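A short reminder: the numbers here are calculations on the coordinates, not readings from a lab. On a predicted model such as this, the values are computed, not experimentally measured, just so you know. Positions of Cβ are generated from backbone atoms using ideal geometry, with glycine treated the same way; all protein chains shown enter the neighbour counts.
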Amino acid sequence: MSSRHLLVLTALTTLFVGPFLNEGAVGQAPRQDSLADLLLQSDLEKLENRLATAPRTAETVAFQGEVQYRKGRFDQAEVLYRSSLQMNDKTARAHFGLGKLAMARMRVADALKFFTRAIELDPKEPLFRFYLADAHSLNKDNKEAERQLQEYLKLNPVDNDRVSMAKAALEVAAAFKGVEMGAIEAPAQPAPIRLQQLPILPFLFAEVSINGQGPFRFLVDTGATQTIMGEKVATKLGLKKIATNVMFGVGGEGKVDAPMFRADSLKVGEVTVKNIAMGTMDNPLLDLIMDGVLGPSLLSDFVVTIDYAKSQIELSKKAPTTGTAIPVWCFSGLLMVPVDVNGKFKGNFLIDTGADSTLLAYSMANELGVNKNTPGAVLDLPIGGIGGLDDGVLVVPSVTLKSPFATKQYDKLMAIDLSGMSGLIQTELSGVIGFDALKDYRVTIDYQKAELRLTK
């Protein structure tokens, strides 16, 4: 089992905040004003208002669980999903919710069971098929994943972004027909992968070869759901375009169309990954400092340790015994941990080696009483990412973050718009834990167990 998604392809990528950068809702209008439609539109306020006046039934309790899931309150969501099933064990939406929670903990067998049951109870709900395809992809059953995506498209879903993803996934599968995607060739104990640091940037870069050519400089980014390359690299290598996907990230409008190319091999250190689909970025600013982005989940057949002090990635089959194992929520290879903010608010923060600093989301800044109308809060400092530039940075004073591994006080933190990223993973992302908080640790990721260890 691997955390690489071989069929359902999405992407988040790197975030840069700094002086060197001086240069939404998915879906169409609902067909009917149902609870499912409101959820699909991410109109949580209207959905909550509807639920507040609706009779308490197994169905409405399940949708209350969906609201809590979207807000990142996973424990409350699970309680509501299970309460729904106690009222009526044939509530499809509750089985679906438990499947999402299981998959986010990488309990793929449980997720398959819950999603399959949801479809048995409500075979006409497209979204259930999409998630079941993702679970089969994680289970390396690509044939069944393809079948579920085909069924998803037959049901005429109105979620445009997911439709694009599903079509791209099927086009990618067709391009690799007859070969195993993502097959790993490596020694049982690969040598450490040496990383580079540039003088002005607090990031780690790896040398990557594609189809035997290179090396190319790729940013090591746990905030990326897949490995992507610059369009210039794809052109130089003469790679074949096989699909167009939607790529989500920070900056600009938060998403761009991204051509997908077939690579026969990608090698980093002593590890070669065979037959992979690679997305592309076309961003002149990012092209100046890197050739692509390496999502460590590509190496998820191993336990991955990023050692900042030694500037290297270590790969093993077993997690180290040092440090404390921290359960994480894993969404398409993105790792989220619970964080207490100022002792009053709780949220889930992304572990992001591709962010130079720890940040808050607008939503958390708003909870702390800061928005674009707050005097002196708007900072004239653009941020850059896959979507381009965005000048909507806020400054939030006096913030204390208590995570499972550390408590840190900040005189001020920047806040950015993470709504697009939250929309992609369908749950609230309250902030980002970046280089400044990670640089003193060995960061060990066990993707298959959804566990994180940070060791001083």
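Structure notes:
- Annotation: amide H-H contacts under 5 Å for Gly392 (H modelled 1.01 Å from N, sequence separation of 5 or more, or interchain): Ile383.
- Close amide H contacts of Met281 (hydrogens built in the peptide plane, cut-off under 5 Å, sequence separation of 5 or more or a different chain): Met229, Gly230, Glu231.
- Neighbourhood charge, 10 Å Cβ-Cβ cut-off, centred on Val341 and excluding it, Lys, Arg +1 and Asp, Glu -1: +1
- Amide H contacts of Thr222 (H built 1.01 Å from N, in plane; Pro and chain starts excluded): Thr353, Gly354 sit under 5 Å, all sequence-distant by 5 or more or on other chains.
- Positive-pole candidate from Leu170, Leu204, Val220, dipole of the range 90-241, charges at beta carbon: Leu170
- At most 10 other Cβ within 10 Å, DSSP loop - trypsin sites (Lys or Arg not before Pro), the range 326-428: Lys344
- Sequence-distant aspartates and glutamates (8 or more away, or on other chains) whose Cα lies within less than 17 Å of Lys236: Glu207, Asp264, Asp282, Asp287, Asp291
- Residue-by-residue Karplus 3J(HN,Hα) for the range 54-64, coefficients 6.51, -1.76, 1.60, Hz, glycine and proline x: 7, x, 7, 10, 4, 5, 5, 5, 4, 6, 4
- For the chain, the Kirkwood estimate of hydrodynamic radius, built from reciprocal distances between every pair of different alpha carbons, is 22.3 Å.
- Of the residues Leu286, Pro296, Ala191, the one whose Cα sits farthest toward the positive end of the charge dipole of the range 185-340, with +1 on the Cβ of Lys and Arg and -1 on the Cβ of Asp and Glu, is Ala191.
- The convex hull of the Cα atoms of the range 186-283, projected and averaged over all directions, covers 7.1 nm².
- Charge dipole (debye, nearest 20) of the range 214-326; +1 at Cβ of Lys and Arg, -1 at Cβ of Asp and Glu: 320 debye
- Taking a straight Cα-Cα cut-off under 18 Å and skipping sequence neighbours fewer than 8 places away in the same chain, the lysines within cross-link reach of Lys241 are Lys167, Lys177, Lys232, Lys274.
- Working ranking of peptides 223-235, 64-76 by packing, defined as the average number of other Cβ atoms within 10 Å per residue, highest first, is 223-235, 64-76.
- Gain on full stretching of the segment that runs from Val378 to Ile200 - 0.36 nm per residue minus C-alpha separation: 61.6 nm
- Student exercise, the chain dipole from Lys, Arg, Asp, Glu Cβ charges, in Debye to nearest 20: 1000 debye
- When the convex hull of its Cα atoms is projected in every direction, mean area for the range 154-219 (nm²): 8.5 nm²
- In order along the range 212-226, the Karplus-derived 3J(HN,Hα) couplings, from 6.51 cos²θ - 1.76 cosθ + 1.60 at θ = phi - 60°, round to x, 10, x, x, 10, 8, 10, 6, 7, 9, 5, x, 10, 7, 8 Hz, and Gly and Pro are given as x.
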